[in-house]
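Encoded as structure tokens, the structure appears first; notes follow it.
The values are calculated or read from the model by the stated rules, or taken from the named source; none is laboratory data. Here the structure is a predicted model, which means the values were calculated and not measured. Note that we place each Cβ from the backbone using ideal geometry, even for glycine, and neighbour counts take in every protein chain shown. Surface accessibility is based on the protein's heavy atoms, side chains included, excluding ligands, DNA and RNA. Shrake-Rupley method; radii C 1.70, N 1.55, O 1.52, S 1.80 Å.
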Amino acid sequence: MVLILFSSNFIGMCFSRSLHYQFYVWYFHTLPYLLWSGGVEKLAHLLRVLILGLIELSWNTYPSTDSSSAALHICHLIILLCLWLAPPLPSDPAETQEHPPVKDKRQ
């Protein structure tokens, strides 16, 4: 449930027409959860921390420059790809449990 809400808010931030500095408050606290819940195992922890730092630096650059805007968009793209490539979550908790094969009683 939390992943769905955080992802929806993040997608809205990624595709908004303009970004204002106060918008950063809307999603900065969700970024660690989104980065570490993504299904890409090869994304190292150091790279995830670097992405968080680059996003922070991009938002704290005033006035924004071409490089800070490009860094923000690249970081957003990486997070979006991690969320997109994440394995689907099971809809039913019972699906995660292994069930033994059922024997056919008609034999």
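The string of couplings for region 62-72 from the Karplus curve (6.51, -1.76, 1.60, θ = phi - 60°) is 10, x, 5, 10, 4, 6, 5, 5, 5, 4, 5 Hz, one whole number per residue in order, with x for Gly and Pro. Solvent exposure of Phe6, expressed as accessible area, is near 50 Å², computed with a probe of 1.4 Å over the protein chains only.
Which order, highest average first, do 12-21, 76-85, 44-53 follow once you tally other Cβ atoms within 10 Å for each residue and take the mean per peptide? Write out the running numbers ahead of the final one.
Numbers: 12-21: 10.8, 76-85: 16.0, 44-53: 12.9.
Packing proxy ranking, top to bottom: 76-85, 44-53, 12-21.
In order along region 46-52, the phi-based Karplus estimate (6.51 cos²θ - 1.76 cosθ + 1.60, θ = phi - 60°) of 3J(HN,Hα) comes to 5, 5, 5, 5, 4, 4, 4 Hz; Gly and Pro are listed as x.
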